[in-house]
Structure formats: C-alpha cells, structure tokens
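Input: a single structure, listed below in structure tokens.
The values are calculated or read from the model by the stated rules, or taken from the named source; none is laboratory data. None of these values were measured; they are calculated from a predicted model. Neighbour counts run over all protein chains shown; Cβ positions are idealised from the backbone, glycine included. Accessible surface is based on the protein model in full, side chains and every heavy atom, while ligands, DNA and RNA are left aside. Shrake-Rupley method; radii C 1.70, N 1.55, O 1.52, S 1.80 Å.
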Amino acid sequence: MREANLTLIQTFFIVARDGSYSAAARKLGMSYQSAANHVRRLEQLLGERLVVSEQGAKTVTLTPRGRSLYKLLLPELDTMLTRLDNTLQKERPVLRVGLPQAIFFYLMPPILTQFRELYPQVEIIAYERDTALPEMIRDGSLDLCITERYFGDPNVPQHLVCTYRPALVLPRQWGPAPTGDIRQWAQGRPFITYEPGQLLRNLAIDYLQSGDTEMEIAISTSGSSSVKRCVEAGLGYAIIPSWCMDGTETTITSVDLLELPEIPIYFGEASFLARNPYVMALRQLCVGLTSATGARADTI
C-alpha cells in the first residue's frame, strides 16, 4: 500500500461507497474511464481484485478483499473526506500580504477600507516585515507583497505603484529646518536611523556622509514609526519617508529632500495569482499609494 497514493484510495473508496464508477466519476469530476483506471491501478499494486463489474451493469460488486479494504478505510477516510469537503466549501478567501510595518501603519488603512467595501468576505492577513518576502511567496507562506525592494524574480512579478521622496525630520525645539547645506548642518548632531541593510538607511548615510568621515549613528531601529517616535522624544534627527508626516505633528518639523532620488514602492504577487480578482483589485487600489502626500504615482 505504500506505493498507492491518496487519489487511488479515494477513488476506490467512493466507488465502493456509492456502488458504481459513474457515481464516483461525477463526485470526483473525472471521466468514467479514469475512475475505473484508478481502481485497476490500485488492484495492480495490491495484487488482488477489489471490484467486479459485469458488462453493461450500472453497479459494481466488491470482492471479499474489496469489502475488507472498504471496511478498513470507512471509519477514518469517510470522516476525513467529509471534513475536507466542508472546509473547502466554507473557507473564506484569504490574502496574505507581506509589507513593512510603516507602509501598513501609514498608508494601508484607506486602501483596505476601499477593498473591504468591494470584498467584505475576504480576510487580509498582514505580515509586517521587509525581509525574505520573495522567499516567503515562493514557498507559499505569502500571496503578495508591497515593498521598496525590486527582486527581479519571474516567480514574483512586481508592479510599480508609486514613488515618494524622503524627508528630513528634527525636533521642533532645535529650531527651523535647515534650508542650506544639510550635510554641514548635520555635523555633530545625533542621527536616528534604521537597522543595517534597509534601503532608506543606506540612502541617508550616502547623502549625509561627508568625505571619509564615518557617520555617527545614535540609534538604529526597525521601522519608520519607531524612528519618528525617537525624533519626537528629542533624541536626534532622521530621514524618513515624507508620507510619515501627516501635518498634525507638534513636536517635530520636517523638510522634503528634493535633491534625493524618488524611492519606488512595488506591488508583487505569486505568479499564479496574477489574474486572481482579489489580487488584481488590491493592486489597482494601491496605484498612487502615497498620492495623498503629493508623491508621483506610476504603473507598469
């Protein structure tokens, strides 16, 4: 039996339970001949006849070995197939999304509000992270991702949905934001940034670093909301996405860094989900994800 896969066993079980190949074929969505072939293959593996079907008869008869096997399977397999059938019929559609915590916190609520109006039956599961996203999609742990990273992986097609500019943020008690040489202004001031390897950290350090002088970093943390909170506490200045500023801040001030390149945000999905209606709808809603902050939206 070790060589017999579940498909063969399931077909035999339903043939034995329902009494005919045609009934089993209708149940399993296959042809009469396929159902018969499955049973014949199982018989070959066991080396014994399980089913007798007379020419022209609409029903089948189990041999003694067939009855024995059916009774052996009956308590467990019938329950398992019933539960599986109920699960598949009742399961709610689910989209598992991987994205940085800041994108989910600052940008996604209005997008999800629109999506819920269209598809209230779909559950969204958000994994707030920015690493290993393509690997998680390839191994089936995620369905789609929203990220600044471009993977170049044909198994995870990505679509540019918007771009944004970074902003310099500083405690309001430090005075007005600098308008001149920001590198000069930053010298000797405590810098708050992201953990090593994150795109905006690298961009900020390349921009602020002067000559061969090593950047002095006061605090490194995981995401934009944590970086912003440190600046609000007066611990230093930072470079964060401009969309993290909503205009209600009272303890910090900011200035957009127009000399820095725009940073893209990509929507990606498992390749087999590219035409899934829920994925397509969410992707379209994400076009212009940061447009409320004046960033330029684009698509490909």
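Here the chain has 50 percent of its accessible surface on carbon and sulfur atoms, given a 1.4 Å probe and all protein chains in place. Amide H contacts of Glu148 (H built 1.01 Å from N, in plane; Pro and chain starts excluded): Tyr266 sit under 5 Å, all sequence-distant by 5 or more or on other chains. Charge dipole of the chain (Cα centre as origin; +1 on each Lys and Arg Cβ, -1 on each Asp and Glu Cβ, all else neutral): 1640 debye, rounded to the nearest 20.
Applying 1/(1 + (r/R0)^6) with r as the Cβ-Cβ distance of Ala233 and Tyr127 and R0 = 30 angstrom yields a FRET efficiency of 0.60. With a 1.4 Å probe rolled over the protein heavy atoms of all chains, the accessible area of Val52, Val39 falls in the order Val52, Val39, largest first. Taking the C-alpha atoms only, the angle from helix 199-208 to the longest principal axis of the chain is near 20 degrees.
Working note: 222 nm ellipticity from helices only, DSSP H runs with n ≥ 4, each -39,500 (n - 2.57), summed and divided by the residues of the chain, gives -12000 deg cm²/dmol to the nearest 500.
Distances between every pair of Cα atoms in region 194-253, grouped in 5 Å steps from 0 to the bin holding the largest one, split as 4, 16, 29, 25, 16, 8, 2, 0 percent.
When Rg and the Kirkwood radius Rh are both evaluated on Cα atoms of region 132-284, their ratio Rg/Rh stands at 1.05. Could you tell me which label, among (1) 19.1, 68; (2) 19.0, 60; (3) 29.8, 95, carries the value of Rg and Dmax of the Cα atoms in Å calculated for this structure? From the options (1) 19.1, 68; (2) 19.0, 60; (3) 29.8, 95, the structure gives (3).
Helix 64-90 axis versus longest C-alpha principal axis of the chain: approximately 30°, rounded to the nearest ten. Maximal additional length on extending the Ala218-Met280 stretch stands at 18.1 nm, based on 0.36 nm per residue less the C-alpha distance. Protein heavy-atom accessible surface, 1.4 Å probe, per residue over the chain: 54 Å². Helix 6-18 axis versus longest C-alpha principal axis of the chain: approximately 50°, rounded to the nearest ten.
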